Amino acid sequence: MKGIPILMAALALASGCITNYYGQYYVDVNGAIPGKPLQKSETVVLRKVIAENDVEKVKQEGYELIGASSFSGPYTPLSCAVDTAREKGASLVLADIRFKETKQALSMMYVPSYTTIHHYGYDYGWGYGHRGGWYGGYRPFAGTTTVTSMNAVPVQTNVDIYSHEVMFFRRVNPEKGVSNEK
């Protein structure tokens, strides 16, 4: 049962249906001029916020803050933050993602149901014969029809909500500070 959410997340990733909330809630900081988007070959460094002075350390390493994204919702993968960083020209992402709460969500799932109807009886027909004269009579018939209907079934699930706080930086002074980028 625990593997089902992982399977659902993997299927969502594979189908490309994850919304990039990092990009949706991105805000330029202090009038930063957007940089040119990074190439796929350029590295984006991801760091987790550990201490309060992590932002100051990043600035001492020669980075400037260009934007931020903040939202609460289901866990959004950091690969989306990297995509946003590439788009905005940021080369470093400083992330602080924390579990907030579990909420119950109600959604509808539509389940098909099938009904088979059996038809049978007699049909009366008449016509003019090839040798002349009128003919009439009864003939039996039988058949089936299948009707499909969709029934709404409520499904209740638990959704973990996380607080996402992400800052985007770009290098402005490569000589300043010591960098552990590869």
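What to note about this one:
- Take the Kirkwood radius over Cα pairs of the stretch 63-104, plug it into Stokes-Einstein at 25 °C and 0.890 mPa s, and you get 207 µm²/s for translational diffusion.
- Two-decimal Rg/Rh across the stretch 44-148, once Rg and the Kirkwood Rh are taken from alpha-carbon atoms: 1.69
- Vicinal HN-Hα couplings computed from phi for the stretch 73-86 (Karplus, 6.51 cos²θ - 1.76 cosθ + 1.60; Hz; Gly/Pro x): x, x, 4, 10, x, 5, 4, 5, 5, 5, 4, 5, 4, 4
- Cross-link table Lys59/Lys88; Lys36/Lys57; Lys48/Lys88; Lys59/Lys103; Lys36/Lys59, entries beyond 26 Å C-alpha to C-alpha: Lys59/Lys103
- Sequence ranges 66-79, 47-60, ranked by mean other-Cβ count within 10 angstrom, highest first: 66-79, 47-60
- Cα gyration tensor, the stretch 108-157 - rounded (a/c under 1.5), prolate or oblate: prolate
- Proximal charge balance of Ile161 [Cβ under 11 Å; K/R count +1, D/E count -1]: +1
- Dimensionless Rg over Rh [the stretch 82-125; C-alpha; Kirkwood]: 1.59
- Segment Thr144-Ile18, length gained on full extension (0.36 nm per residue, minus Cα span): 41.0 nm
- The stretch 32-182, relative contact order in percent, only Cα pairs under 8 angstrom and at least six apart counted: 38
- Computed FRET value (nearest 0.05) for Asn158 with Ala51, which takes r as the C-beta separation and R₀ as 25 Å: 0.20
Just so you know, all these numbers are worked out from the coordinates, no wet-lab data involved. All figures in this text were calculated on a predicted structure; none of them were measured in a lab. Note: ideal-geometry Cβ built from the backbone for every residue, glycine included; neighbour counts use all protein chains shown.
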